[in-house]
Amino acid sequence: MVTSRRPSIEIDLNAAIVAVETRQPLILVVHSSDPRQPDGLPFGPFDPLAHRTFEAGLRSWVAEQTALKIGYVEQLYTFGDHGRHVVPGDAGAHMVSVGYLALTRPSEGSSRALARAGALWRRWYEYFPWEDWREGRPDILDNQLLPALRRWARGRPAASDAVRPLGRRERLKLAFGEEGGPWDEERVLERYELLYGAGLVTEAMHGDQSNSPAPRTPPPFGVPMRFDHRRILATAISRLRAKLKYRPVIFELMPVEFTLTDLQRTVEAISGRHLHKQNFRRLVERSALLEPTGKLAQQERGRPAELFRFRREVLKERPAPGLKFGTRA
């Protein structure tokens, strides 16, 4: 009896570790000194003998490699598509990654431990510059990105387009708010996958995609990442932006005591949206998520601001205690 050899598979745990500092959303990346090697998300192997669960394994190697104390952790997706780790001549095991979203604060990590691991914090809008609307509509959309996508949408459909329920033009309209449609900040992953399918991100030059021929030179749309790590990061951003509206995850990124301005700037950093000050404060008041500390924060300018903290009792009072700000029109 002849038996075929089954391909070997390895399981890694990829972590999109998010923090906010000085009004900027940050992502922890593994940085190479080789300029030809792009950033990647930190990852570690799952050891079924040492770790009872995937999450236990994730927390273990994050603490060991970075000295970071991560709070909220959520599994995102299992990434195992063919061609996701493209290395010429590679005959090793197929790599399957279980992606996680993890939240922390930069001050809780050791800079020395991060340096030893070759890791550092980078602004996530470096990888997705079209997602930051805090100062208005990003110039890259109208000057570069959308004209390129429109040309792709007018092109000859690929074989893979036939299995999709929507055509290129409809997908472009939904993802980017074309033809007067709304910009939905939660569609980060859909926008990235559209750019990938159009061959407009550097990763498409190396990945296993056939929607369009790979460009001869790297596209200018955001800093590339190793393998499919930018897709994992896009998944994490989409999930976190949605979570803000029905779970109090934002407080995992805040210090124990904070001002309302600090909270607003953190929500804006994650959502990529500018929020009206008075409307935001009314929203926070209606949510009953905060309680005053009775203390004031000294500020460089103006009067001292009142300090608040997260009111944890709200978790017992209702099932979806989030900040339900609306989607941008």
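In segment 229-267, which residue that is of a type in the set (K, R) and either out of contact with any Ser or Thr (no Cβ under 6 Å at 6 or more places or on another chain) or under 15 Å from F79 (Cβ atoms) (or both) is surrounded by the most Cβ atoms within 10 Å (Cβ to Cβ)?
Once the filter is applied, the top-ranked residue is R230.
Taking the residues in segment 99-119 that are modelled with pLDDT of 90 or more and assigned to a strand (DSSP E or B) as candidates, determine which candidate is nearest to the chain's Cα centre (by Cα).
Top of the filtered list is L101.
So how many residues does segment 172-184 have that are assigned to a helix (DSSP H, G or I) and buried (at least 19 other Cβ atoms within 10 Å of the Cβ)?
Qualifying residue count, segment 172-184: 3.
Would you mind finding the one in G155, G177 that is of a type outside the set (D, E, K, R) and modelled with pLDDT of 90 or more?
On inspection, the qualifying residue turns out to be G177.
Given the conditions (1) at positive phi; (2) modelled with pLDDT under 90; (3) surrounded by 13 or more Cβ atoms within 10 Å (Cβ to Cβ), report the number of the one that G302 does not fulfil.
Result: G302 fails condition (3) only.
Return yes or no: is F308 among the aromatic types (F, W, Y) and closer than 18 Å to E135 by Cα?
So F308 fails the test.
Would you tally the residues in segment 4-37 being at pLDDT 90 or above and assigned to a loop (DSSP other than H, G, I, E, B)?
2
Starting from segment 127-143, keep only residues that are farther than 9 Å from G272 by Cβ, then list their pairs with residues that are β-branched (V, I, T) whose Cβ atoms are within a distance under 6 Å, requiring at least 6 positions of separation or different chains.
Short answer, once both residue conditions are applied: Y127/V223; P129/I140; W130/I140.
Could you grab me the full set of residues in segment 120-135 that are farther than 12 Å from L41 by Cα and part of a strand (DSSP E or B)?
If the condition is that a residue be farther than 12 Å from L41 by Cα and part of a strand (DSSP E or B), then R123 is the only one that fits.
Quick check on my filter: what residues within segment 146-165 are of a type outside the set (D, E, K, R) and in contact with a Lys or Arg (Cβ under 9 Å, 6 or more places away or on another chain)?
Within segment 146-165, L149, W152, A153, G155, P157 meet the criteria.
Quick one: which of R187, R156 is exposed (fewer than 12 other Cβ atoms within 10 Å of the Cβ) and either not β-branched (V, I, T) or not assigned by TED's automatic domain parsing to the domain that holds G197 (or both)?
R156
Could you grab the pairs with beta carbons closer than 7 Å, sequence gap of 6+ or different chains, first residue in segment 295-323 and of a type in the set (K, R), second one loosely packed, with under 13 Cβ neighbours inside 10 Å?
The qualifying pairs are R309/V256.
Any idea which of (1) assigned to a loop (DSSP other than H, G, I, E, B); (2) touching a helix residue (DSSP H, G or I) at 6+ places or on another chain (Cβ under 9 Å) is the one R169 doesn't satisfy?
All conditions pass for R169, except number (1).
The values are calculated or read from the model by the stated rules, or taken from the named source; none is laboratory data. The structure displayed is predicted, hence computed values, not measured ones. Positions of Cβ are generated from backbone atoms using ideal geometry, with glycine treated the same way; all protein chains shown enter the neighbour counts.
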